[in-house]
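Colleague: Here you go, one structure.
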Amino acid sequence: MRSIGRYEVLGELGHGGMAVVYRARDPQLLREVAVKVLHPHLSSDVESRKRFLREAQAAARLRHPNIVEVFDFSVEADRESFMVTELLEGPTLRRFAEGRMPLPSEVVAAIGAVMCDALTCAHALGIVHRDVKPDNILLHRGGVLKLTDFGIAHIADGNGMTVTGQILGSPAHMAPEQIDAGPVDARTDLFSLGTVLYVLAVGRLPFEAPVAHALLRKILEADYVDAVRAEPKVGERFAAIIRRCMARRIDDRYPDAAALKAALCEYCAECGWDDPAKKLSDFFAAPEAFVEEHNRALLEMLPERGRKARDAGRIPDAMACFNRALAIDPTNAKVIELVRSVAKRRQRQRLLRAAALVGATAAVSAAAAVGVLAVVKRNDTRRTAQQHTQSTRALRAIMGASGAAAEAGASRAANDLAVDASAQSNAGSTTVASASGVSDAGAVRAGARADEYRVRLVLSGPNGRVAIDGRPPELHTRASEYRLRAGVHEVQVVPDDPSCDRPQMWRFNVVAQSGDAVQALTSPVYVCRNSTSQPSGPRGNPSANARVVTTGVATVATTQVIPVKLIIRGINGLISIDNRAPQEHDNGNEYPLTVGTHSVQILPSDTNCARPRPFVINVQPTADGTPFLFRSPMYACIPRTTENAPAP
């Protein structure tokens, strides 16, 4: 039987790039332990031995139920470099979560609270872990989580380990300051813990890229999809906690692990979890049954909480509850009806406000009109058209300061809601004042309200916000309804995934009808097209598939030409747009292109470089008429070979 020091090896538990972990027996204390042995080829490396010793020293200083305990470690005279820790029976958190993600937000919050306890202990001794990730969190018997692997910990004792030119840590979970060599402190670990919460709640990493340098750039630019957009089941409340953990600026994060734990526990308490650790133990004992029961409880709790928020006038809080409930059960009739009630209530409030403004305007206008018209009638009951126009001008002058503000406010409200602001007078003939005031002809004209109908949009592609008729984009769910006038409207989808270009704008027709039935309108099929994707046949042409199935109204493909400013990042060379003849390019050059998608191919100036893949741009009009700006993906020179050389 092999021995390491005094420990008898029973078998291998696992291995990594730096060490092998064995199950072993301590013959003196008669207990099983884990022995972590540095690889032989690293034992002779001074820096590796120093790092290994540092892990043992850091972990040995810590005594906490959620941190792996170190019993012993090697000395200079030992043939091998090793460290002896308590034996943990369970898997890593990453391995446990595989196939089960996304986990409920409350479960993830409870995991985060436990890890905050461990980090608080380490930070109190001046130890920053610097490598918090699911692989370094082990699940022990009884559902106890243990933080391990302090191999690159930063210890604030003047004896810090530095490796010139090397970034220490796991790239996908690194904080920005670890990448750009900034000072690290306890809040660095909170960023990494935020990425762990994101992975568990969403089911994928916040930062992903095919190559390391692109991944690090995304972290430095805080370029990730917000948790609630990536997975609506997360809910806005928990997404806000993750968002603060992963703030780009270190000062924008929670001040310490204790503050983060308080926020997580408060979040758990909102669903009745007064003891998150106990709930976590129940979850690890029977994960599938626990999640099923928890979702049932949420579908009872969220609608009621949202209803109370609605009644209190906290509409954003109410919609956050309803959206999360619909993410769990998209067909929940109770929640859909509550969403409709919010929309109706907001519409009713807006109508009342508009009516009040219109009423004030109508009163001022009517009083002024009666006085002016009475004077005019006494002077000459058979006025000429010229006198009639003069009386109208006099009416507007009398309204002056007293009526102008109310008139402007009412006009804005009427334009927004198309409110019929009718008011009748007793001056012999029926006169009606509209929100827009008095007509140029001098007679008070009737204002007709354009009919509005209930419309539900069904998106046939990636989720996102929608902008209707050029309005600001708003959150869209399966239950979202819109009040729109009869006629043709334009819709632009803004994908949740920022790597996707906006699809081609499409149009649909709202049909005038009797009753209050909902018109369900289906969008054209669209896919996520990004700057690194290849053109995909007819989908690249907006007129090829731009048709609304429900109404049969074809989308009108725009031929508007927009100046496009291209910034090519990386290698220089010629460019070919839509397979046209290559032309010289300088960054900042403008190209007149039609609205829609276009393919761009770079031909490197250096003939030793292979052509990179084409990329696609989606040209859209800008709000202020300035050129549409597009930055290409980052390119590097890939040496030309016989495999990637272009065909003659």
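The values are calculated or read from the model by the stated rules, or taken from the named source; none is laboratory data. Nothing here was measured: the structure is a model prediction, and the numbers come from that model. All Cβ positions, even for glycine, are placed from backbone atoms using ideal geometry, and neighbour counts span all protein chains on display. The accessibility values were calculated without ligands, DNA or RNA, using every heavy atom of the protein model including side chains. Shrake-Rupley method; radii C 1.70, N 1.55, O 1.52, S 1.80 Å.
Colleague: Mind checking whether some residue in region 293-303 is closer than 25 Å to residue 192 by Cβ and among the polar types (S, T, N, Q)?
Modeller: The answer is no, given that none of the residues of region 293-303 is closer than 25 Å to residue 192 by Cβ and among the polar types (S, T, N, Q).
Colleague: Answer with yes or no whether residue 92 is β-branched (Val, Ile, Thr) and open to solvent by 50 Å² or more (accessible area, probe 1.4 Å).
Modeller: Values: β-branched (Val, Ile, Thr): yes; open to solvent by 50 Å² or more (accessible area, probe 1.4 Å): no.
So residue 92 fails the test.
Colleague: Give just the number: which of (1) among the aliphatic types (A, V, I, L, M); (2) in contact (Cβ under 8 Å) with a residue 12 or more places away in the chain; (3) more than 24 Å from residue 134 (Cβ to Cβ) does residue 77 not satisfy?
Modeller: So the condition that residue 77 fails would be (2).
Colleague: Report, ordered by the first and then the second residue, all pairs with beta carbons closer than 9 Å, sequence separation of six or more or different chains, a first member in region 569-582 that is in a strand (DSSP E or B), and a second member that is aromatic (Phe, Trp, Tyr).
Modeller: If the second residue must be aromatic (Phe, Trp, Tyr), the pairs left are 569/635; 575/591; 577/591.
Colleague: Taking region 560-612 on its own, how many of its residues are at pLDDT below 80, within 23 Å of residue 217 (Cβ to Cβ) and open to solvent by less than 40 Å² (accessible area, probe 1.4 Å)?
Modeller: 7
Colleague: Let me ask something else. In region 337-346, how many are touching a helix residue (DSSP H, G or I) at 6+ places or on another chain (Cβ under 8 Å) and either over 15 Å from residue 482 (Cβ atoms) or not hydrophobic (A, V, I, L, M, F, W, C) (or both)? Lay out the reasoning, then the answer.
Modeller: Of all residues in region 337-346, those touching a helix residue (DSSP H, G or I) at 6+ places or on another chain (Cβ under 8 Å) come to 338-339, 341-342, 345-346.
Checking the rest, the ones that are also either over 15 Å from residue 482 (Cβ atoms) or not hydrophobic (A, V, I, L, M, F, W, C) (or both) come to 338, 341, 345-346.
Count: 4.
So that you can scan it fast, the table gives a plain yes or no per residue for (1) among the polar types (S, T, N, Q); (2) in a loop (DSSP other than H, G, I, E, B); (3) open to solvent by 20 Å² or more (accessible area, probe 1.4 Å); (4) more than 21 Å from residue 223 (Cα to Cα):
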| site | (1), (2), (3), (4) |
| --- | --- |
| 467 | no, no, no, yes |
| 471 | no, yes, yes, yes |
| 477 | yes, yes, yes, yes |
| 489 | no, no, no, yes |
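Colleague: Let me ask you something else. Are there helices (runs of 4 or more DSSP H) fully within region 138-254 with at least 2 residues that are surrounded by fewer than 19 Cβ atoms within 10 Å (Cβ to Cβ) and modelled with pLDDT of 90 or more? List them.
Modeller: 212-220, 236-245
Colleague: Moving on. Check region 316-333 and report whether any residue there is surrounded by fewer than 13 Cβ atoms within 10 Å (Cβ to Cβ), at pLDDT 60 or above and either of a type in the set (A, V, I, L, M, F, W, C) or not in a loop (DSSP other than H, G, I, E, B) (or both).
Modeller: Checked region 316-333: at least one residue is surrounded by fewer than 13 Cβ atoms within 10 Å (Cβ to Cβ), at pLDDT 60 or above and either of a type in the set (A, V, I, L, M, F, W, C) or not in a loop (DSSP other than H, G, I, E, B) (or both).
Colleague: Next question, about the same structure. Could you count how many residues in region 7-27 are out of contact with any Asp or Glu (no Cβ under 7 Å at 6 or more places or on another chain) and under 23 Å from residue 53 (Cβ atoms)?
Modeller: 11
Colleague: Can you work out which of the residues in region 23-60 that are at pLDDT 85 or above, among the charged types (D, E, K, R) and open to solvent by 70 Å² or more (accessible area, probe 1.4 Å) is nearest to residue 130 (Cα to Cα)?
Modeller: 32
Colleague: Now for a different question. I'd like the full set of residues that are surrounded by 15 or more Cβ atoms within 10 Å (Cβ to Cβ), farther than 17 Å from residue 232 by Cα and of a type in the set (Gly, Ala, Ser), limited to region 290-312.
Modeller: Scanning region 290-312 gives a single hit, 309.
Colleague: Could I ask something else about it? When both residues are 6+ apart or on different chains and their Cβ atoms are under 8 Å apart, which pairs have a first residue that lies in region 203-215 and is touching a residue at least 40 places away in the same chain (Cβ under 8 Å) and closer than 17 Å to residue 133 by Cβ, and a second that is open to solvent by 50 Å² or more (accessible area, probe 1.4 Å) and in a helix (DSSP H, G or I)?
Modeller: 212/171; 215/171
Colleague: Sticking with this one: Could you tell me whether any residue of region 241-262 is over 23 Å from residue 178 (Cβ atoms) and hydroxyl-bearing (Ser, Thr, Tyr)?
Modeller: Checked against the condition, which is being over 23 Å from residue 178 (Cβ atoms) and hydroxyl-bearing (Ser, Thr, Tyr), region 241-262 yields no hits at all.
Colleague: Same structure again: Give the residues of region 266-280 that are open to solvent by 40 Å² or more (accessible area, probe 1.4 Å) and out of contact with any Lys or Arg (no Cβ under 9 Å at 6 or more places or on another chain), sorted by residue number.
Modeller: Passing the criteria: 266, 269, 272, 274, 275, 277, 278, 279.
Colleague: Report, by residue number, each residue of region 580-610 that is acidic (Asp, Glu) and either in contact with a Gly (Cβ under 6 Å, 6 or more places away or on another chain) or farther than 30 Å from residue 492 by Cβ (or both).
Modeller: Result: 584, 586, 606.
Colleague: Turning to a different aspect of this structure: Take the residues in region 68-105 that are assigned to a loop (DSSP other than H, G, I, E, B) and of a type in the set (Val, Ile, Thr), then tell me which one is nearest to residue 228 (Cα to Cα).
Modeller: Out of the qualifying residues, it is 68.
Colleague: Another question about this same structure. Considering only residues that are over 42 Å from the mean Cα position of the chain (by Cα), without any contact (Cβ under 8 Å) to a residue 60 or more places away in the chain and either farther than 12 Å from residue 88 by Cα or assigned to a loop (DSSP other than H, G, I, E, B) (or both), which ones fall in region 6-25?
Modeller: Hits for region 6-25 are 6, 8, 9, 10, 11, 12, 25.
Colleague: Limited to region 295-315, what total is found for residues that are aliphatic (A, V, I, L, M) and not in a helix (DSSP H, G or I)?
Modeller: Residues in region 295-315 being aliphatic (A, V, I, L, M) and not in a helix (DSSP H, G or I): 1 in total.
Colleague: Moving on to the next point. Which condition does residue 135 not pass, out of (1) more than 23 Å from residue 50 (Cα to Cα); (2) open to solvent by 20 Å² or more (accessible area, probe 1.4 Å); (3) at pLDDT 90 or above; (4) part of a helix (DSSP H, G or I), if it passes all the others?
Modeller: So the condition that residue 135 fails would be (1).
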